[in-house]
Each structure stands twice: as structure tokens, then as C-alpha cells.
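What follows is a short report on a single structure.
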Ligand code: URP
Ligand code: ZN
Ligand code: ZN
Ligand code: ZN
């Protein structure tokens, strides 16, 4: 046969077009797109289904080292299985530098955890928490040459926060080396001030996590990061934007001609700060299930995020998957976490539910086109993070990374149908229209009808190229 596999009779969508076609796959790559492909060893009938580029989730946290006694709920096998079941063919987790340690040594630790365990392809970003002269001068440039071409810096969190001078120094290296910087923009001092004030007043329940970091701390940090990036003349990606204030900072920068990009996440179009409140008469700590940073806001913020999505302020829609078990002393209910929101680990699971939520709230409800969905869920992630061409589109010569979607299937998101390591989903009971029914990664069926069929270890750990989005 001319092809190993043909996907027949489906409706193909790319970031620019929607059309009926068959797809021929050979050696894990898309070898042909044509009206009729009938000479394949195997066929999948996609009648009534959408044939989309597999999702790329460029912001997930997997097996990341936490503070003492806290453990993340996923390893690389479970996180990538969960991702595959949710229509994804690639994830980008972080290799976290701990202060006082070599960045290279940390990268090797994370690679070891990932190797042999990933169901789908994976590529690491770096997190820089300790920008010593050695890290900035030697380690980062060397790691960039090895394909770690993006890194995240934090403007908050005790163990990660960089001061303004450190941010400028990191931006300077990024400019020189052509790396893309991702920024967690929330202001450390303002959050600490609010946290201490709330704690003094006895307001320590998970709900007050949201009050401790209002939108203005995000706006202030976004503005500061943008200003520093302008000073250094380096592009910037502001990740996990939660509402109007930070969105407008990014738009302001873009309108001034700066290369500032924006990412947002499902929690900012579907959860609110009220979710952090304990259910009436229920478990006083249940709000901890929704503790993430920035926190989810309100319905007006959802509208602002949609405005940013529709008008092109945001390029990527990621999960920020960061799973902790709820009912566990190593997770949300750790002993210190029960004493104050300050100690509840930040982050929620979402790698499997990202795409159904965007599809349903976006495409099914008529807010965005299918092409825009493809762009936000796959193509832009590949372009921005140095994987394009090769991934992120349905095109001849690209990896056969494909998700088949049933656009009219109705599902109710429930913990029992998910594959992550967390013991809950923040979207329990959330109804969606549109569901990924099969995921094909480099030509292998890795998930089908809610069952993960791809073996851990089949996914590769990829090096990435420099991104043209990172050019000053
Ligand atoms: O609360 C969150 N988002 N936790 C994950 C780490 C991060 O800042 O992205
Ligand atoms: Zn380490
Ligand atoms: Zn972050
Ligand atoms: Zn994150």
C-alpha cells in the first residue's frame, strides 16, 4: 500500500481553511491530502468528524518539585496519557531550576523523569529562579543550543521571584541568544502585603487566595514586565492572563508596536472567584480545589478574555495544568494549607479538559471560528515555540499529529472519565458540546473513545528551534 493509514471522509481544518479531504499517512508523517485516498494499509472513517491538528499544550507542569511535603499529582506517564485523551499530541512542561543549583543538572533530572514515560511528544521550557553569572553567561546559552529555546520567569512566589534587575538581566540574555521569555506577571510585594493583612484579620480560608491577588497586581506586573522588555528590546509572552486589566496592558503594548504576546486558559473563561468559596454546608476547604494563580475572576472577566481572544490579543490558549490531589496531606489539604490559603499549593488540573472547554465555549457557542480554534490550540503554540514547520498543522510533510472531533457530541465533564493523577476536576458537571474521539500522534492511535492506547515511551522528547517570534 502507498500509505500506512488513511483518514477518510472527514472535514479537515487548519488555521486558515476548512475543507473535505482524505489524509494519507506514511512513516508517521502526513504524506498526502487529497479528495480520495484509497490505497492505505489501514483506514479510519471520519465521516461526520472534524480532522484537526492535535492539540499542543505549551503550558503544563509535570512532576515539578514543590515545597516540603507537597507532591504533584501527575508523573509524565499519567499527564501525557491525560493529554492524549483530551485531543493533544504534544505538551510542553517545565524544567525548574531550584535556587543554588545548576540549571543544567535540573534539566537532566526532569529529562530522566520524562524519558521512557511519555505517551506523546514533549519538549521542555526552563524556569529560571537563580540567574547567577554562571547561569546567564554559560548554562543558558548552552541549553539554548540544545533546543531549550524558551524560559519562564516569575514575578511572584518566594522560591521563584526575580527582582527587576534580575528580570532585566534575563531579558538581556534572551535578546542576545534569541530565546522567548514567558513571564508570570503578578507582583510579589503587593501580594505579600495583602496576604499578611488578610491573615491578621483571620481571613485565611481558601477563598481569600483570590482577594490576596486582585487583578491590579497582575496589571502592575504585566506593565512592569512590558516596560522592562521594551527597555531591553526583547519580545515577551505574558502567560495565564486572567482578565481585562492585564489583557489591556498587552493590547496597549501591541498597539505601540511591541512584540508582546498573550496566553490565556480555560479557568479564565469558565471559573470564578466564587468557586473558591466553600459550598454551603459542605467541606470548609473545598475552595482549595480552585486555588490557582492568577485566580479565576468573574463573568465580566470572561467577556474581557473573549474580547482578547477574538481581537488577537491572545495567541495561545493553554491549560496551565498543575495538578494536586485534593484529599491528600501532600496536596491541597496539607497541614499548613489548612491553616491559611498562603500554603495551599497553587494550580489546578486541566490538560485533558482544555480543548473541550475551548471548543464548546468557543466554536459551539459561535464565539470563534474553527480556524481560530486550531490556531489557539495548536498552530500558534508550534509557531511561537520553535516547532514550525513540522508540528501544529495538517500539511504534507508535517508530523501526523491529528485529533478527530465529534462536533455535536455532548458530554458532561466528570472526574471518573478523566485520566490525570488528580482526584478531582474543577469542571465536575460542566457540560460541553464537541468532544475529541480519537487522537493520532505521529501516525499512532494514542487515544480512542476515552481509552488511552498509546504506550508510555512512544512519545519523544524534542529539541526546539529558535522562534521568529523571539526576534527583537
Ligand atoms: O497556580 C498556578 N498557575 N500554578 C502553576 C504555576 C504557574 O504559576 O504557572
Ligand atoms: Zn534540581
Ligand atoms: Zn505561572
Ligand atoms: Zn503555569
Quiz prompt | Selected residue [under 17 Å from the mean Cα position of the chain (by Cα) and not in a helix (DSSP H, G or I)] from 386, 366 | solution = 386
Quiz item: Among the residues of the range 273-296, is there at least one that is closer than 30 Å to residue 14 by Cβ and either part of a loop (DSSP other than H, G, I, E, B) or within 16 Å of ligand 4 (Cβ to nearest atom) (or both)?
Solution: no
Quiz item: Does the range 302-329 hold any residues that are more than 16 Å from ligand 1 (Cβ to nearest atom) and either over 17 Å from residue 369 (Cβ atoms) or surrounded by fewer than 19 Cβ atoms within 10 Å (Cβ to Cβ) (or both), and which are they?
Solution: 302, 303, 304, 307, 310, 311, 312, 327, 328, 329
Practice problem: Output the qualifying pairs, or none if there are none: Cβ atoms under 6 angstrom, residues six or more apart or on different chains, first residue in the range 138-154 and closer than 15 Å to residue 97 by Cα and free of Cβ contacts under 8 Å to residues at least 24 places away in the same chain, second residue part of a strand (DSSP E or B) and more than 16 Å from ligand 2 (Cβ to nearest atom). | Solution: none
Quiz prompt | In the range 122-147, residue surrounded by the fewest Cβ atoms within 10 Å (Cβ to Cβ) [restricted to those that are closer than 19 Å to residue 64 by Cβ and out of contact with any helix residue (DSSP H, G or I) (no Cβ under 7 Å at 6 or more places or on another chain)] | solution = 130
Quiz item: Quick check, is residue 130 on the phi < 0 side of the Ramachandran plot and within 16 Å of ligand 2 (Cβ to nearest atom)?
Solution: yes
Practice problem: Identify, by number, the condition in (1) within 16 Å of ligand 4 (Cβ to nearest atom); (2) within 13 Å of residue 321 (Cβ to Cβ); (3) out of contact with any helix residue (DSSP H, G or I) (no Cβ under 7 Å at 6 or more places or on another chain) that residue 62 doesn't meet. | Solution: (3)
Self-check item: Qualifying positions in the range 259-285 - surrounded by fewer than 20 Cβ atoms within 10 Å (Cβ to Cβ) and in contact with a strand residue (DSSP E or B) (Cβ under 8 Å, 6 or more places away or on another chain)
Solution: 259
Exercise. Hey, can you tell me all the residues within the range 175-196 that are buried (at least 21 other Cβ atoms within 10 Å of the Cβ) and either under 21 Å from the mean Cα position of the chain (by Cα) or not in a helix (DSSP H, G or I) (or both)?
Key: 179, 180, 181, 182, 183, 184, 185, 186, 187
Quiz item: Taking helices (runs of 4 or more DSSP H) that do not extend beyond the range 56-159, which have at least 1 residues that are more than 30 Å from residue 175 (Cβ to Cβ)?
Solution: 76-85, 103-114
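Results for (1) closer than 29 Å to residue 393 by Cα; (2) touching a helix residue (DSSP H, G or I) at 6+ places or on another chain (Cβ under 6 Å); (3) within 16 Å of ligand 3 (Cβ to nearest atom), shown as yes or no for each residue.
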| site | (1), (2), (3) |
| --- | --- |
| 76 | yes, yes, no |
| 83 | yes, no, no |
| 88 | yes, no, no |
| 93 | yes, no, yes |
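The numbers here are math on the coordinates, done by the rules we state, and not lab data. Source: prediction; values computed, not measured. As a convention, Cβ positions derive from the backbone with ideal geometry for all residues, glycine included, and neighbour counts pool all protein chains shown.
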